[in-house]
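Inspection log for the structure reproduced underneath, given as structure tokens.
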Amino acid sequence: MTKISVADLKPGMKLAKDVYLNDGNLLLLSGFVINPRYIRKLELFEIPFVFIEEGQDVPISEICEEKVYTEAFNTIKSVLTSVREGKDIDVPAIKNTVNEIVHKVINNESVFMQLTGIRDIDNYTFLHSVDVCIYSVITGKNLGLSQQELTELGIGAVLHDIGKCKVPLEILMKPGKLTEDEFHIMKLHTVYGHEIINNTWGLSKRISNIACQHHEKWDGTGYPLGLANYQIEKFSRIVTASDIYDALTADRVYRKRDLPHEAAEYIVGCSSTLIDPDVASVFIKNITVYPEGSIVILNSGEIGSVIEANKNMSIRPKVMIIARKEGPPILEPY
């Protein structure tokens, strides 16, 4: 066991001791493999040093999903910024990014789940696009889509909001409720996205239809066309569920985020009204609300680490109790 400053930490190192905040709250568990996200968290909470296990570094290939996720974020940020400036979509860059995500999901669909949902308000649009892509590809895989179909679905998902590049920033980032006129302009992002993708060589009509239809609802109350049920293309129905779940679990300029289990319950409640019931069922069974390794607080006041997801009931994972918010420490986790 070696004491090392946070400034000298490298991805792949393994924690030898739990990391606590000054107020006694647990931040990271021993055994966690350091990745760039954990380093940023340690810096944010001004942790000066940690203890790592000697000779226990994990090969970088085992944490490369963080690299793929970061590259996906950078790609979509670059593409959306370019489109807002009147430039064309970098189709090869988007395809390469989505191919990486699809490849990872096919081999291990839970690989990204600890990365999704972590974003700040300023980068919401870009990270939302990446997260919706991941959720959509996982759902599509479990609906039996082929690898080629998953790639097309992923491209459509990552570009589903590209029409927002044509929406004025003062409306897009408004902290309060939109007026009727402003909401009408906001809704046009579906039409703008359809036009942008239709006018881009190398992107299919099915991809442009995702941009157009991702706000259509199962009961016909959506926009821009008021389509219902199977009038809405399957890929679009998948992206709709992913879009709603990810939006609910994000802090926005105008609302605080829901907890993952609250968003999952909303998806279940919207089944057969806003969301295709078959898609909703597969989504909830396969999107891990509480990924392995995440820290949770039970309503009993105990603190647990998720050790096993539950596909039959994603809001009820198996946890290892490691600490209490109040009272004596737990010497032997159970």
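Residues considered: 224, 291. Of these, the only one that is in a loop (DSSP other than H, G, I, E, B), modelled with pLDDT of 90 or more and either over 20 Å from residue 145 (Cβ atoms) or out of contact with any Phe, Trp or Tyr (no Cβ under 7 Å at 6 or more places or on another chain) (or both) is 224.
Pairing each residue of the stretch 197-217 that is in contact (Cβ under 8 Å) with a residue 60 or more places away in the chain with any residue that is assigned to a loop (DSSP other than H, G, I, E, B), provided the two are 6+ apart or on different chains, yields C-beta distances under 6 Å for 197/203; 200/89. Residue count for the stretch 256-277 under the criterion of being free of Cβ contacts under 8 Å to residues at least 12 places away in the same chain and either outside any loop (DSSP other than H, G, I, E, B) or among the aliphatic types (A, V, I, L, M) (or both): the result is 3. Tallying residues that are charged (D, E, K, R) and loosely packed, with under 15 Cβ neighbours inside 10 Å within the stretch 261-278 yields 2. For the stretch 308-332, what are the residues that are open to solvent by 70 Å² or more (accessible area, probe 1.4 Å) and either in a loop (DSSP other than H, G, I, E, B) or over 22 Å from residue 263 (Cβ atoms) (or both)? Correct list: 311, 312, 313, 316, 324, 325, 326, 328, 329, 331, 332. You will find that of 217, 256, 285, the residue that is under 19 Å from residue 141 (Cβ atoms) and among the basic types (Lys, Arg) is 285 and no other. For residue 258, state whether it is open to solvent by less than 10 Å² (accessible area, probe 1.4 Å) and at pLDDT below 95. It is false that residue 258 is open to solvent by less than 10 Å² (accessible area, probe 1.4 Å) and at pLDDT below 95.
Tell me, please, whether a residue that is among the basic types (Lys, Arg) and open to solvent by less than 50 Å² (accessible area, probe 1.4 Å) can be found in the stretch 206-224.
yes
Of all residues in the stretch 72-88, those satisfying the criterion of being surrounded by 15 or more Cβ atoms within 10 Å (Cβ to Cβ) and either assigned to a loop (DSSP other than H, G, I, E, B) or among the aliphatic types (A, V, I, L, M) (or both) are 72, 76, 79, 80, 83. Checking each residue in the stretch 273-323 for being in contact with a helix residue (DSSP H, G or I) (Cβ under 8 Å, 6 or more places away or on another chain) and among the polar types (S, T, N, Q) picks out 286, 312, 314. Contact annotation: residue pairs with Cβ atoms under 7 Å, 6 or more positions apart or on different chains, pairing a residue in the stretch 156-172 that is under 13 Å from residue 195 (Cα atoms) with a partner that is in a loop (DSSP other than H, G, I, E, B), are 160/214. Filtering 281, 300 for residues that are open to solvent by 20 Å² or more (accessible area, probe 1.4 Å), at pLDDT 80 or above and assigned to a loop (DSSP other than H, G, I, E, B) leaves a single hit, 300. Per the listing 102, 132, 83, the residue uniquely farther than 25 Å from residue 252 by Cα and either out of contact with any strand residue (DSSP E or B) (no Cβ under 8 Å at 6 or more places or on another chain) or of a type outside the set (Lys, Arg) (or both) is 102.
Of 182, 152, 170, all but one fail to be out of contact with any Pro (no Cβ under 6 Å at 6 or more places or on another chain), in a helix (DSSP H, G or I), surrounded by fewer than 15 Cβ atoms within 10 Å (Cβ to Cβ) and of a type in the set (D, E, K, R); the exception is 170. The listed residues are 137, 105, and the only one of them that is open to solvent by less than 60 Å² (accessible area, probe 1.4 Å), in a helix (DSSP H, G or I) and either modelled with pLDDT of 95 or more or of a type outside the set (A, V, I, L, M) (or both) turns out to be 137. Suppose the filter is open to solvent by 20 Å² or more (accessible area, probe 1.4 Å) and within 21 Å of residue 128 (Cα to Cα); does residue 234 pass it? Taking the combined requirement at face value, the residue satisfies it.
The values are calculated or read from the model by the stated rules, or taken from the named source; none is laboratory data. Remember, it's a predicted structure, so these values are computed and weren't measured experimentally. Glycine also receives a Cβ, built like all others from the backbone with ideal geometry; neighbour counts cover every protein chain displayed. Protein only, heavy atoms only, side chains kept; ligands, DNA and RNA dropped before computing areas. Shrake-Rupley method; radii C 1.70, N 1.55, O 1.52, S 1.80 Å.
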